[in-house]
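Report on the following structure.
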Amino acid sequence: MTVRTIVKFPNPHLRAKAEPVTEFDDSLRTLAADLLDTMRDAPGIGITAPHIGILKRVVVVELDDGQGVRYYINPSVESASAALVKNMEGSVSMPGINDEVERPSSVRISYQDLTGAAQIQDADGLLAVCLQHEIDQLDGIFWLYRLSKLRRDRLVKRFEKQQRVQIA
């Protein structure tokens, strides 16, 4: 379809709560296809509509696990394990910057598919981390805000410096 422009940190869309999808039509399928193309171009393993400036609860995930592309409309975490795992995280909106984030190691999520049908999925490992990361994004929680202020400030300064170097 189309590779869309990704908004960069600190764009306000990355801190805004996305609105639920209410219409499951061709425009939603086009948005999902564009998100997939944009994510692959970035490259990344997960992307949300807010990453391209559209405040809708749409997530696309594609891991290297043989399961193909996964589309999640209006996803939410229903339950999470007490066990935690640390994983390196980053964002297509802040390329080149990543750090370790601690999250529950497994989750159960509810969501709708592209036709609007209700779904439940249990996830662990990288998929669980990715889903939590992207659902946070839909809730206006950019991944950096899962870090201490000291770590966050250090990464923001590194990103700002990186952006200045790219412009020069």
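What follows draws every value from the coordinates through simple rules; no lab data is involved. Because the structure is predicted, anything quoted here is derived from the model rather than measured.
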Worksheet item: So what's the back-of-envelope 222 nm ellipticity for the chain, counting only DSSP H runs of four-plus at -39500 (n - 2.57) apiece and dividing by all residues, rounded to 500?
Response: -9500 deg cm²/dmol
Response to the item:
The set of residues whose placed amide H lies less than 5 Å from the amide H of E78, leaving out same-chain residues fewer than 5 positions away, is R108, I109, S110
Worksheet, complete the sentence: Here the gain from full extension of D37 to K161, 0.36 nm per residue of separation minus their alpha-carbon distance, amounts to 41.8 nm
Response to the item:
Hydrodynamic calc, region 13-95: Kirkwood Rh from Cα pairs, then Stokes-Einstein at 25 °C with viscosity 0.890 mPa s, so D in µm² s⁻¹ is 176 µm²/s
Item to complete: Multiply the residue gap between A83 and T2 by 0.36 nm, knock off their C-alpha separation, and tell me the result in nm, one decimal place.
Response: 25.2 nm
Practice prompt. With 26 Å as the limit, write out which pairs from K17/K149; K56/K86; K86/K149; K86/K157 have Cα-Cα distances beyond it, or answer none.
Written response: K56/K86
Item to complete: Report, in whole Å, the centroid distance computed from the Cα atoms of region 16-75 and region 118-168.
Response: 16 Å
Discussion item. Quick check on the chain: take the gyration tensor over C-alpha atoms, sort the square-rooted eigenvalues as a ≥ b ≥ c, and tell me if it's rounded (a/c under 1.5), prolate or oblate.
Written reply: oblate
